[in-house]
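Colleague: Mind looking over this structure? Questions follow.
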Amino acid sequence: GLHGISAKQGFIIRPLLFLYRNEIAEYARENRIPFREEVCSVLADEIVTRYYYQKGAVIASFRDDADVAKAKLVLTNHSEYLSILQPVAGKKPIVR
């Protein structure tokens, strides 16, 4: 059946799985441990995976995907979009 990610899977151990980001940040601040945004990114991915499984992980991966960002820019720029659709000089268009 469906269940969340376990704290231990083979060699992978997730000791902070039960904590929220703000709790980890507070602990790091209190203990003078450098807290980096990369840690937050990993934690966010872990939380997304835990709660939303595959669909949520895919949707969340689009957030920081450079190709998706470029596609959004092209789709909002009408002239660039149309220029991409034009055939390349000397190339025969594919007709199906």
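Colleague: What is the residue count in the range 56-96 for residues that are among the polar types (S, T, N, Q), in a loop (DSSP other than H, G, I, E, B) and surrounded by fewer than 11 Cβ atoms within 10 Å (Cβ to Cβ)?
Modeller: Start the filter on the range 56-96 by keeping residues that are among the polar types (S, T, N, Q), which leaves 61, 76-77, 79, 83, 86.
Retained after the next criterion (residues that are in a loop (DSSP other than H, G, I, E, B)): 77, 86.
Restricting the remaining residues to those that are surrounded by fewer than 11 Cβ atoms within 10 Å (Cβ to Cβ) gives 86.
Matching residues across the range 56-96 total 1.
Yes/no per residue for (1) modelled with pLDDT of 70 or more; (2) of a type in the set (A, V, I, L, M); (3) in contact with a helix residue (DSSP H, G or I) (Cβ under 8 Å, 6 or more places away or on another chain):
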residue	(1), (2), (3)
LEU16	no, yes, yes
ASN31	yes, no, no
VAL39	no, yes, yes
ASP45	yes, no, yes
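The values are calculated or read from the model by the stated rules, or taken from the named source; none is laboratory data. Treat the numbers as computed from the prediction; the structure is a model and nothing was measured. So basically every Cβ, Gly included, is an ideal-geometry build from the backbone, and we count neighbours across all protein chains shown.
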